[in-house]
Each structure stands twice: as C-alpha cells, then as structure tokens.
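Okay, structure first, notes after.
The values are calculated or read from the model by the stated rules, or taken from the named source; none is laboratory data. These numbers come from a predicted model, not from an experiment. Don't worry about glycine lacking a Cβ; one is built from the backbone with ideal geometry, like all the others, and counts go over all protein chains shown.
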Amino acid sequence: MHRLFRLILTLVCFAVTAGAQTTPPVPSVGSGAPTPQIAYDFQLNFYRGIFQSLVSLPPLGDVRTLGSTGLVQEFQDAKKTAGVKLALVLPNKASSGYGNDIFQILGDVYGYYATVGPTTAGYPTMDSQSCPGVATCSYDIFTNNYALFVFSAGNPNGNNFSVSGNYFTKWTALGGISGQLGLVYDAPTSVTSPAGTTAGKQPFNGGVIYSITSGTNSGQTFAVLGSVNTLYQSVGGPVGQLGLPTSDQTQLS
C-alpha cells in the first residue's frame, strides 16, 4: 500500500511539474528585449503621455525584431477591438539607451504601416500625430522619405495614402504637412499632356505635385499651388491646353 501511494504521489508531482514547464510566461511591457536597458526604454515609453490609457495589458507578445535593425512590441487597444493594434517601435536597437528613441504608433497608422513594412517605408521618426485641423486623419513620417496618412472618414478618395520618393522630397521642401501643400488628398496617378509628355501627379489639399517622366524636364518635380492650381485645373490641368508645368511657381511682387 505504501509503495502504491508513493507511486501515485510521484506521478502527480511529475504531472504538476510538467504542466508548469509547458505554460508560457505572460508577456509584460519590455519583456523579450535583448538587454535590460532596452526593456527599461520600452517601459519608459509605454508610460509616456497617454499611450498606456489607449492600450490594454498584457501586451500581445514579447518585444520582437522589426526589419533589419528595429524592435517592436504590440498591444491591443483599450477596448480590445478585433484587428486593432498599437505599437512601440525602436528603429535601431543599437542606439537605445536614452529613453526618447522609441516611438508610439497608434492603431490606424500601425495597421497601415504593417502592410507597407520597414523595408519600404523605413522606421518611424516620431510618434503618430493627428493631422492639423482634421480630427479624422492621423499620420507619421518614416526614415525612407515616406509619410503614411490614414483617414477614418471625410476623404472621398479612400482611407490610406502614402507620400514617397520625388513627391515626398517636394512636399517636404514646401513645408510638409504645415506647408503650402498640407495634407495628401489621393494616391499618385499617371497623366499624359496633349504634347505627349508623361508625368505622375499627386494631389494635396493645397495643390498638386507633378513628377515629370519624359521630355525635356524628365526627372524634375514641380508643384502647382493654391489659386494658381485652381485656375490651372479649371482649364483642364495637365491634359488641357496648358499641358504640364515646366517650373515651380514664382511669387511676383
């Protein structure tokens, strides 16, 4: 009887031990980071501002690799909405150690960023922001000269738009989101002038950027802005009698 009791006790202890060994630990903020300093940085930035009130705990997983140099930790939103994730992103794990090198990426922008990826867009250069004067729009700027905009409502052309390449360069030169062009309004499209010159065009709230792809000005990028753009579009824009622009606007005094 004693031998049978010891055998049963041994089997029970083995089962409990085996069960404990196979139960994965619950992720916490910063868990899985490659160094204690990076884990601490994730914790600092989780509690920076109102981010902690926008998400629910525990995190969806440990800190993991993002692209070739970055790290990310994902969270559900506070309401645990299906498919909605927010994230803390460290662009370069080799640079961590200052507490201000991890960015808060909000759900709408992070959802779009996840479809574009760090290879294409690069890594965030700031926290996600609301678009100035437009409550239904948010955006972020990324290291590969890339901007992502998300409209939850109010844009008849769609929800997700990017600004990149020549368009990003011109947009930035004109002040970016706070400049003359302001918010992106649609995706780039191709256009051919009556003279046969080709270009890409991308509209913004304050005008249109044209990236010329053939002819004398091939490789150059021009912007038509404000009231000049309004008049230009009223006579057919690039497919009208004026054709494509051949320079940027000049302010005459």
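Taken together, 219, 196, 182 contain a single residue that is in contact (Cβ under 8 Å) with a residue 12 or more places away in the chain, more than 30 Å from residue 132 (Cβ to Cβ), small (Gly, Ala, Ser) and not in a strand (DSSP E or B), which is 196. Taken over region 49-78, the residue count meeting the criterion of being among the charged types (D, E, K, R) and either at pLDDT below 95 or crowded, with 19+ Cβ neighbours inside 10 Å (or both) is 1.
Yes/no matrix, rows are residues, columns are (1) modelled with pLDDT of 95 or more; (2) closer than 26 Å to residue 49 by Cα; (3) not aliphatic (A, V, I, L, M):
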| position | (1), (2), (3) |
| --- | --- |
| 88 | yes, yes, no |
| 112 | yes, yes, yes |
| 118 | yes, yes, yes |
| 133 | no, yes, yes |
| 139 | yes, yes, yes |
| 142 | yes, yes, yes |
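Residues that are of a type outside the set (Gly, Ala, Ser), surrounded by fewer than 18 Cβ atoms within 10 Å (Cβ to Cβ) and under 23 Å from residue 147 (Cβ atoms) were ranked within region 90-110; the one that is modelled with the highest pLDDT is 92. In region 74-91, the residues that are under 11 Å from residue 105 (Cβ atoms) reach residues that are assigned to a strand (DSSP E or B) and polar (S, T, N, Q) with C-beta atoms within less than 7 angstrom, at least six apart or across chains, in these pairs: 85/76; 87/73; 88/73; 88/104.
Across region 207-253, the qualifying residues are those that are aliphatic (A, V, I, L, M) and crowded, with 18+ Cβ neighbours inside 10 Å, and the one among them that is farthest from residue 193 (Cα to Cα) is 225.
Being among the hydroxyl-bearing types (Ser, Thr, Tyr), within 10 Å of the chain's Cα centre (by Cα) and over 21 Å from residue 201 (Cα atoms) is a description that does not apply to residue 152.
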